[in-house]
């Protein structure tokens, strides 16, 4: 069972709280050939995309925590032709441009402190990496103020799903 890797001492794993990835069934069908997963963690969102959307030929996972990235490599081992792994701090930018889609559940902690600026940096990194018309799918805690940042970063966005804990934000780069 691939999800067992989430329990290897990664922050937020096994805390008994409802994880953000439970919003995944709300992801719309996609038809893009390449995607990035920013702040990939142990790889759940990436695995969901690789297993549900056969049109994705390349999926680049970016993660700053090497333990989480090692877990993601195990979790996506059944997709060696698709998944590529990058140990990288997304807040520093991505460099490469022209991607069709990006999915992310941005972190909002630096150590034990809340740091909303981290998620905002992810949004701007996504904006710089997407081609015009590229799509961004954000899974986030409901209280985090990312909507105004999406607008400031040049996205047209909507919020198709929100519950007491999480929200999904779908955006398109203008």
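You will find that of 78, 165, the residue that is under 20 Å from residue 34 (Cβ atoms) and surrounded by fewer than 17 Cβ atoms within 10 Å (Cβ to Cβ) is 78 and no other. The requirement of being modelled with pLDDT of 90 or more and more than 15 Å from the chain's Cα centre (by Cα) is not satisfied by residue 129. So in the stretch 61-99, with the set limited to residues that are under 15 Å from the mean Cα position of the chain (by Cα) and modelled with pLDDT under 90, which one is nearest to residue 137 (Cα to Cα)? Here the residue is 99. Filtering the stretch 143-157 to residues that are surrounded by fewer than 12 Cβ atoms within 10 Å (Cβ to Cβ) and in contact with a strand residue (DSSP E or B) (Cβ under 6 Å, 6 or more places away or on another chain) leaves only 156. If you filter the stretch 160-174 down to residues that are under 12 Å from residue 127 (Cα atoms) and not in a loop (DSSP other than H, G, I, E, B), you find that the one that is nearest to the chain's Cα centre (by Cα) is 171.
Looking only at the stretch 141-159, residues that are in a helix (DSSP H, G or I) and touching a helix residue (DSSP H, G or I) at 6+ places or on another chain (Cβ under 7 Å) come to 2 in all.
Within the stretch 114-122, the presence of at least one residue that is surrounded by fewer than 18 Cβ atoms within 10 Å (Cβ to Cβ), in a strand (DSSP E or B) and without any contact (Cβ under 8 Å) to a residue 24 or more places away in the chain is confirmed.
Against the list (1) in contact with a strand residue (DSSP E or B) (Cβ under 6 Å, 6 or more places away or on another chain); (2) surrounded by 20 or more Cβ atoms within 10 Å (Cβ to Cβ); (3) in a helix (DSSP H, G or I), the condition residue 73 fails is (2).
Note on the stretch 50-64: residues that are in contact with a helix residue (DSSP H, G or I) (Cβ under 9 Å, 6 or more places away or on another chain) and either part of a helix (DSSP H, G or I) or surrounded by fewer than 22 Cβ atoms within 10 Å (Cβ to Cβ) (or both) total 2. Checking each residue in the stretch 87-113 for being surrounded by 18 or more Cβ atoms within 10 Å (Cβ to Cβ) and assigned to a strand (DSSP E or B) picks out 99, 100, 101, 102, 103, 104. Selection of the stretch 127-139 for residues being closer than 20 Å to residue 162 by Cβ and buried (at least 24 other Cβ atoms within 10 Å of the Cβ) yields 136, 137, 138.
The values are calculated or read from the model by the stated rules, or taken from the named source; none is laboratory data. Note that this is a predicted model, so its numbers are computed, not measured. All Cβ positions, glycine included, derive from the backbone under ideal geometry; neighbour counts span all protein chains shown.
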